[in-house]
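K.L.:
Take this structure, written in structure tokens, and hold onto it; I'll ask about it next.
The values are calculated or read from the model by the stated rules, or taken from the named source; none is laboratory data. Here the structure is a predicted model, which means the values were calculated and not measured. Cβ placement follows ideal geometry from the backbone for every residue including glycine, while neighbour counts extend to all protein chains displayed.
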Amino acid sequence: MTILITLMDPSFEHFDHTADMGLRIRAATLPALIEPAGRALYAAIGELVPGEPADPATFNLTGTDAAGILREFLAELLHLVESEGRIATAIDVTQFDEHALIASAQTANLNPDKTDFRREVKAITYHELNIRPIPGGVEATVIVDI
Amino acid sequence: MEKKNYTGPIERLDATRWRIPKSYKQGMNVDGLIYADDKLIQAITQDRSPEQVANVATLPGIVKYSLAMPDIHWGYGFCIGGVAATDPSKGGVISPGGVGYDINCGVRLLRTNITLNDAKPRMRRLVDTLFNTVPCGVGRGGKVKFDKKELRRLMTEGSPYVVNKGHGWDSDVDVTEAKGKIHTARPDLVSERALERGASQCGTLGSGNHFMEVQVVEKIDDARAAQAMGLEEGYVTVMIHSGSRGLGYQVCDDALKALKDTPRKYGIDLPDRQLVCAPIESKEGKHYLGAMAAAANFAWCNRQIMTQLARQAFADVFEQPAERLGMTLVYDVAHNIAKMEDYDVDGKSASLCIHRKGATRAFPPGHAELPDRYKGIGQPVLVPGDMGRSSYVLVGQPGAMEHTFGSCCHGAGRRMSRGAAIRASKGRSIHQELLDRGVIAKARGRTGLEEEQPDAYKDVLQVVDVLHNAGISRRVAKLRPLGVIKG
């Protein structure tokens, strides 16, 4: 396994994909995947530093499988960054299973002076998207288009 | 999910073609066909892109082959460098994954009257001026603002709209693929979210592999074609590579979401959910094609506005109007797109949906869609290589119509992942290495130069030679980089 960026946080890692980038996230439970998944996405974009607090965000996403819902959640976070210049600073997950994600997040505007964008994530793809059980928890794999 | 080798069957057909038989995988409707020489095929089978060629062969209504150009590499769903023709009269489908997120990502080339000797003393200033004039990098908005009403008009009318607003010359439109406008665009089908993502991004370069490069024509292989394009050895050119920015990414994302249950509805079994699709003639298929065309028109406007910004930068640095500098557009080609085109299939004319994902249209001499200026030589095909070596201008040949649905390669193709490129840069200065090769590079992102370093790409000459030798395209000119700006 190749780790692209050295991270202190063992709950996620980035792996190589020829032109794009893979995120692998591990947690004890499905709901616990959400927060490190967000951080994995932010770390792929760069060093996103929060500034002034902004309006909270809510996530009410439904679907037919947990991996697809996780992808939707990451697409929402990407939209917040790209279109509104906001990041989630804390996420409270009420429900995450194969049917729905219900969560709320505190957000902050990006600090333009301290934020370091490294690359543009165009989209969260469906390619090889999955969540699988592993000893002691679950592991999600997501490939983002760069 | 890490990179693995392709272990399926692959048979040599001749010096430039390799076949994946349709017996390889259940559901394949046609063979896979990869253009490559002996060396390239070894590199190609180091990842799973041939598997993706086989997966695409399962799409309903696919005609003749699932094709891949020699710059093929592993993508998501479709491989990069893939071409698929589907026949609507035979249940053929449109797959947004066969276009990609960056709808109408493409390349354009400007020629100039500036010699290398005239450019050399001003290169640093020129690169700095381009960097300050052309918005690039993540989070950079454009200098030209459009409200939502204007955006919808821009997506309907394509590049003529922005040219009429002063962002270009009338002559630019004639040498833009499809004259910068797909007539079937449906901006009303583009979501509010896509408009939000695109609102500030028309006229911006973006990041990743997008660039604006100042080059010199180093070698002419076809004097007649080069003359028709206004290219001459020792003269400066400008190449622009960008697409539909956030608007296009969102149109694709919206489509993938909207189509996720469509394959089941139409009884289509897919090996990868990124290949989701709908029959071309279905409501869902038409919806995507209308929104995709709107995003494609946005992309032509994006490159058009940057063209004019480049002209301004040159005019400032060389203290002459861009007209006097002879900065005419040579051509603009899309390399991520799906279009309806007419082909001869088994002696009958058929209107097919040609998916090109990381592949360039390459119409031969005489094709009705070519501007008069290029009717005698064939369509210019613009193939960027890498920042340190070279790029090529080709022209389409009759073989493209016979064998590849009028398609050719789109670049050198990556041989290294982004992570591997960063690791390979450790302890090196890519900026200095480029300077040593005579290339001044300026990038906004910290890792941009490392991820896009020359070693990350295959040798573009090897790629274009395969198609030259196969009679798909012909080499016209080699362009050497002098300066590059990136996001």
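K.L.:
Could you please find all residues in the stretch B:200-235 being crowded, with 22+ Cβ neighbours inside 10 Å and within 11 Å of chain A (Cβ to nearest Cβ)?
P.N.:
B:Q201, B:T204, B:L205, B:G206, B:S207, B:G208, B:N209, B:H210, listed by residue number.
K.L.:
If you check B:L259, B:L247, B:L289, which single one turns out to be of a type outside the set (K, R), touching a residue at least 12 places away in the same chain (Cβ under 8 Å) and farther than 30 Å from B:G166 by Cα? Before the answer, list the steps.
P.N.:
On the way: B:L247 fails: farther than 30 Å from B:G166 by Cα; B:L289 fails: farther than 30 Å from B:G166 by Cα.
Result: B:L259 is the single residue among B:L259, B:L247, B:L289 that is of a type outside the set (K, R), touching a residue at least 12 places away in the same chain (Cβ under 8 Å) and farther than 30 Å from B:G166 by Cα.
K.L.:
Here are some residues: B:L116, B:L110. Which one is more than 14 Å from chain A (Cβ to nearest Cβ), among the hydrophobic types (A, V, I, L, M, F, W, C) and surrounded by fewer than 21 Cβ atoms within 10 Å (Cβ to Cβ)?
P.N.:
Details: B:L110 fails: surrounded by fewer than 21 Cβ atoms within 10 Å (Cβ to Cβ).
Going through B:L116, B:L110 in turn, just one is more than 14 Å from chain A (Cβ to nearest Cβ), among the hydrophobic types (A, V, I, L, M, F, W, C) and surrounded by fewer than 21 Cβ atoms within 10 Å (Cβ to Cβ): B:L116.
K.L.:
Name, by its number, the condition in (1) buried (at least 22 other Cβ atoms within 10 Å of the Cβ); (2) of a type in the set (A, V, I, L, M, F, W, C); (3) not in a loop (DSSP other than H, G, I, E, B) that does not hold for B:F363.
P.N.:
Only one criterion in (1) buried (at least 22 other Cβ atoms within 10 Å of the Cβ); (2) of a type in the set (A, V, I, L, M, F, W, C); (3) not in a loop (DSSP other than H, G, I, E, B) is unmet by B:F363, namely (3).
K.L.:
Oh, and also: Kindly provide the set of residues from the stretch A:9-54 that are closer than 14 Å to A:F117 by Cβ, hydrophobic (A, V, I, L, M, F, W, C) and assigned to a helix (DSSP H, G or I), ordered by number. Quick ask: steps written out before the conclusion?
P.N.:
Filtering the stretch A:9-54 for residues closer than 14 Å to A:F117 by Cβ gives A:41-49.
Imposing the further condition that a residue be hydrophobic (A, V, I, L, M, F, W, C) reduces the set to A:41, A:43-45, A:48-49.
Hits for the stretch A:9-54 are A:L41, A:A43, A:A44, A:I45.
K.L.:
Criterion first (modelled with pLDDT of 95 or more, of a type in the set (D, E, K, R), buried (at least 18 other Cβ atoms within 10 Å of the Cβ) and within 18 Å of the chain's Cα centre (by Cα)) does B:R480 satisfy it? It would help to see each step written out before you state the result.
P.N.:
Numbers: modelled with pLDDT of 95 or more: yes; of a type in the set (D, E, K, R): yes; buried (at least 18 other Cβ atoms within 10 Å of the Cβ): yes; within 18 Å of the chain's Cα centre (by Cα): no.
So B:R480 fails the test.
K.L.:
Please work out which one of (1) closer than 30 Å to A:L23 by Cβ; (2) within 22 Å of the chain's Cα centre (by Cα) is the condition B:Y6 fails and give its number.
P.N.:
Single failed check for B:Y6: (2).
K.L.:
Among the residues of the stretch B:62-78, write down those that are modelled with pLDDT of 95 or more, in contact with a Ser or Thr (Cβ under 7 Å, 6 or more places away or on another chain) and within 16 Å of B:P271 (Cα to Cα).
P.N.:
Listed by number, the list holds a single entry, B:I62.
K.L.:
Of the residues that make up the stretch B:17-40, is at least one under 21 Å from B:G267 (Cα atoms), touching a strand residue (DSSP E or B) at 6+ places or on another chain (Cβ under 7 Å) and β-branched (V, I, T)?
P.N.:
Yes: one or more hits.
K.L.:
Additional query: Looking for something more than 16 Å from the chain's Cα centre (by Cα), under 25 Å from B:R17 (Cα atoms) and not in a loop (DSSP other than H, G, I, E, B) - is there at least one such residue anywhere in the stretch B:367-385?
P.N.:
Within the stretch B:367-385, none of the residues are more than 16 Å from the chain's Cα centre (by Cα), under 25 Å from B:R17 (Cα atoms) and not in a loop (DSSP other than H, G, I, E, B).
K.L.:
Taking the stretch B:267-286 as the search range and keeping residues that are touching a Ser or Thr at 6+ places or on another chain (Cβ under 8 Å) and assigned to a helix (DSSP H, G or I), which one is modelled with the lowest pLDDT?
P.N.:
B:Q274
K.L.:
I'm checking my understanding of the structure. Among residues of the stretch A:97-123 that are touching a strand residue (DSSP E or B) at 6+ places or on another chain (Cβ under 7 Å) and farther than 17 Å from A:L78 by Cα, which one is farthest from the other protein chains (Cβ to nearest Cβ)?
P.N.:
Across the stretch A:97-123, the extreme among qualifying residues is A:I102.
K.L.:
Next up: What is the number of the single condition among (1) free of Cβ contacts under 8 Å to residues at least 60 places away in the same chain; (2) touching a Lys or Arg at 6+ places or on another chain (Cβ under 6 Å) that A:V49 does not meet?
P.N.:
So the condition that A:V49 fails would be (1).
K.L.:
Tally time: how many residues in the stretch B:366-399 are among the aliphatic types (A, V, I, L, M) and either over 18 Å from B:D332 (Cβ atoms) or surrounded by fewer than 24 Cβ atoms within 10 Å (Cβ to Cβ) (or both)? Full working, then the answer.
P.N.:
Filtering the stretch B:366-399 down to residues among the aliphatic types (A, V, I, L, M) leaves B:368, B:370, B:377, B:381-383, B:387, B:393-395.
If we keep only those that are either over 18 Å from B:D332 (Cβ atoms) or surrounded by fewer than 24 Cβ atoms within 10 Å (Cβ to Cβ) (or both) as well, we get B:368, B:370, B:377, B:387.
Count: 4.
K.L.:
Also: Scan the stretch B:36-57 for residues that are over 20 Å from the mean Cα position of the chain (by Cα), part of a loop (DSSP other than H, G, I, E, B) and closer than 14 Å to B:D459 by Cα and report the count.
P.N.:
Residues meeting the conditions: 1.
K.L.:
List the number of the failed condition for B:Q46; all other conditions in (1) surrounded by fewer than 24 Cβ atoms within 10 Å (Cβ to Cβ); (2) more than 14 Å from chain A (Cβ to nearest Cβ); (3) farther than 20 Å from B:R273 by Cβ hold.
P.N.:
Unmet for B:Q46, out of (1) surrounded by fewer than 24 Cβ atoms within 10 Å (Cβ to Cβ); (2) more than 14 Å from chain A (Cβ to nearest Cβ); (3) farther than 20 Å from B:R273 by Cβ: (2).
K.L.:
Yes or no: B:V134 closer than 21 Å to B:T237 by Cα, crowded, with 17+ Cβ neighbours inside 10 Å, more than 14 Å from chain A (Cβ to nearest Cβ) and under 22 Å from the mean Cα position of the chain (by Cα)? Even if it seems obvious, please write down each step before you answer.
P.N.:
Numbers: closer than 21 Å to B:T237 by Cα: yes; crowded, with 17+ Cβ neighbours inside 10 Å: yes; more than 14 Å from chain A (Cβ to nearest Cβ): yes; under 22 Å from the mean Cα position of the chain (by Cα): yes.
So B:V134 fits the description; yes.
K.L.:
Run A:V142 past the list (1) of a type in the set (V, I, T); (2) buried (at least 22 other Cβ atoms within 10 Å of the Cβ); (3) in contact with a Ser or Thr (Cβ under 6 Å, 6 or more places away or on another chain) and report the number of the one that doesn't hold.
P.N.:
With (1) of a type in the set (V, I, T); (2) buried (at least 22 other Cβ atoms within 10 Å of the Cβ); (3) in contact with a Ser or Thr (Cβ under 6 Å, 6 or more places away or on another chain) applied to A:V142, the lone miss is (3).
K.L.:
Among the residues of the stretch B:400-447, how many are buried (at least 18 other Cβ atoms within 10 Å of the Cβ) and away from chain A (no Cβ under 14 Å)?
P.N.:
16
K.L.:
Within the stretch B:152-199, how many residues turn out to be within 14 Å of chain A (Cβ to nearest Cβ) and touching a helix residue (DSSP H, G or I) at 6+ places or on another chain (Cβ under 6 Å)? Outline the logic, then answer.
P.N.:
Taking the stretch B:152-199 as the starting set, the residues that turn out to be within 14 Å of chain A (Cβ to nearest Cβ) are B:191-199.
If we keep only those that are touching a helix residue (DSSP H, G or I) at 6+ places or on another chain (Cβ under 6 Å) too, we end up with B:191, B:193-198.
So the answer is 7.
K.L.:
Here's a check for you: in the stretch A:71-92, which residue that is farther than 14 Å from A:P36 by Cα and of a type outside the set (A, V, I, L, M) is farthest from the other protein chains (Cβ to nearest Cβ)?
P.N.:
A:R86
K.L.:
Oh, and also: Looking at the stretch B:76-113, which of its residues are within 15 Å of the chain's Cα centre (by Cα) and of a type in the set (A, V, I, L, M)?
P.N.:
B:I80, B:V83, B:V99, B:I103, B:V107, B:L109
K.L.:
Moving on. In the stretch B:324-358, which residues are in contact (Cβ under 8 Å) with a residue 12 or more places away in the chain, surrounded by fewer than 17 Cβ atoms within 10 Å (Cβ to Cβ) and assigned to a loop (DSSP other than H, G, I, E, B)?
P.N.:
If the condition is that a residue be in contact (Cβ under 8 Å) with a residue 12 or more places away in the chain, surrounded by fewer than 17 Cβ atoms within 10 Å (Cβ to Cβ) and assigned to a loop (DSSP other than H, G, I, E, B), then B:R324, B:G326 are the ones that fit.
K.L.:
With the requirement that a residue be in contact with a helix residue (DSSP H, G or I) (Cβ under 6 Å, 6 or more places away or on another chain) and either charged (D, E, K, R) or buried (at least 24 other Cβ atoms within 10 Å of the Cβ) (or both), what does the stretch B:281-298 give you? Show your work before the answer.
P.N.:
Filtering the stretch B:281-298 down to residues in contact with a helix residue (DSSP H, G or I) (Cβ under 6 Å, 6 or more places away or on another chain) leaves B:281, B:284, B:287-288, B:290-291, B:294-295, B:297-298.
Within the stretch B:281-298, B:E281, B:E284, B:Y288, B:A291, B:A294, B:A295, B:N297, B:F298 meet the criteria.
K.L.:
Turning to a different aspect of this structure: Looking only at the stretch A:2-26, count how many residues are surrounded by fewer than 18 Cβ atoms within 10 Å (Cβ to Cβ), at pLDDT below 95 and more than 7 Å from chain B (Cβ to nearest Cβ).
P.N.:
In the first step, residues of the stretch A:2-26 are kept if they are surrounded by fewer than 18 Cβ atoms within 10 Å (Cβ to Cβ); the result is A:2-3, A:5-10, A:26.
Okay, now just the ones that are also at pLDDT below 95, so A:2-3, A:5-10.
If we keep only those that are more than 7 Å from chain B (Cβ to nearest Cβ) too, we end up with A:3, A:5-10.
Within the stretch A:2-26, residues that are surrounded by fewer than 18 Cβ atoms within 10 Å (Cβ to Cβ), at pLDDT below 95 and more than 7 Å from chain B (Cβ to nearest Cβ) number 7.
K.L.:
Also: So, in the stretch A:35-65, how many residues would count as being under 19 Å from B:K257 (Cβ atoms), away from every other protein chain (no Cβ under 14 Å) and within 14 Å of the chain's Cα centre (by Cα)?
P.N.:
2
K.L.:
Select, from A:E120, A:E47, A:E128, A:E84, the only residue that is at positive phi and at pLDDT below 95.
P.N.:
Details: A:E120 fails: at positive phi; A:E47 fails: at positive phi; A:E84 fails: at positive phi.
Answer to the check: A:E128.
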